[in-house]
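The values are calculated or read from the model by the stated rules, or taken from the named source; none is laboratory data. Keep in mind it's a predicted model, so treat the numbers as computed, not measured. Note: ideal-geometry Cβ built from the backbone for every residue, glycine included; neighbour counts use all protein chains shown. In case anyone asks, the SASA skips ligands and DNA or RNA and just uses the protein heavy atoms, side chains included. Shrake-Rupley method; radii C 1.70, N 1.55, O 1.52, S 1.80 Å.
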Amino acid sequence: TARPVTERSTVGTNKKPGEFDLIERYFAPLAGGEPGAMDLVDDAAVLKPDPGRQLVVTTDSLSAGVHFPADEAAGHIAAKLIGVNLSDLAAMGARPWAYTLALALPESEDWEPGFLEAFAEELGRQQDLHAIHLIGGDTVATKGPLTLSLTAIGTVAEDAALRRSGAGEGNELYVSGSIGDAALGLKVLKGELTGLLPEHSDYLLARYHRPEPRVQLGEGLIGQATAAIDISD
């Protein structure tokens, strides 16, 4: 499903790859499972949700040095980028469907193929895990730090989405998972939390690097809960 090499392609040369080369090599294969993405060769995707279902759309952005360390592994960045977005869909009870991706790559750095290769490979693993596909996006150069923005699209049965406004006085409040694990993981990463057993440190680091969206739980709460919210909010 990869985009054919065009006259502007630099694949197989020593030139710095351009936007079309990056799409062709790393991202077009991620769009192959969604016909409406048209292999990323058009200006936009054309999507058709199932009858009786509505679209749910959310966007989150991550910047190096703010949301993750500047030397963060590419796989961790990809997992976190998808995870935080799908968590917002889960809070609405939505089933993940597709996503768009925008990359702002620093001009000052010589991007090695290995970084984007590892980034795209992890996106592929996350796609398989959550049954979603890339349908478009953009790649630009920036004078600032690496910045990534992902827009996730999900579907939910018509008029069934969980809304924050559904909460009311007297409701019982439930939390899934363990609060604060990611914050502790960041402390471990910074060397501010020491003396832990290796398995405990590894667990907390995984919670920071790779948030796990409660997608199945969110869908299961439709008809059971009056409201839901992503805990990071």
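Only protein atoms count toward the accessible area here, which uses a 1.4 Å probe; on the chain, the carbon and sulfur part of that area reaches 53 percent. Under the combined filter of DSSP loop state and at most 12 neighbouring Cβ atoms within 10 Å, segment 163-233 retains these chymotrypsin sites (Phe, Trp or Tyr not before Pro): Y174. Across the chain, the mean sequence separation of Cα contacts (distance under 8 Å, 6 or more residues apart), normalised by length, yields a relative contact order of 27 percent.
With θ taken as phi - 60° and the Karplus curve 6.51 cos²θ - 1.76 cosθ + 1.60 applied, the whole-hertz 3J(HN,Hα) list for segment 132-141 is 10, 9, 6, 10, x, x, 7, 10, 9, 9 Hz, x standing for glycine and proline.
Scanning the chain for DSSP H helices at least 20 Å long along the axis (C-alpha atoms) with a Kyte-Doolittle mean no lower than 0.5 picks out 74-91. Taken per residue, the accessible surface of the chain reaches 57 Å², heavy atoms only and a 1.4 Å probe.
Per-residue surface analysis assigns D128 an accessible area of about 130 Å², computed on protein heavy atoms at 1.4 Å probe radius. For segment 158-204, the set of GluC sites (Glu not before Pro) satisfying both a DSSP loop assignment and a count of at most 16 other C-beta atoms within 10 Å is given as E158, E169, E172, E192. Taking the Cα atoms of segment 31-145, the ratio Rg/Rh between the radius of gyration and the Kirkwood radius comes to 0.97.
Where does the chain land at 222 nm, in deg cm²/dmol rounded to the nearest 500, when only DSSP H runs of n ≥ 4 count, each adding -39500 (n - 2.57), divided by all residues?
Values: 6 runs with 68 residues, N = 233.
About -9000 deg cm²/dmol.
Working from Cα pairs under 8 Å separated by at least six residues, relative contact order for segment 112-233 is 30 percent.
Looking only at trypsin sites (Lys or Arg not before Pro) in DSSP loops with at most 16 other Cβ atoms within 10 Å, what is the longest site-free stretch of the chain? Longest gap between qualifying sites, sites excluded: 16-142.
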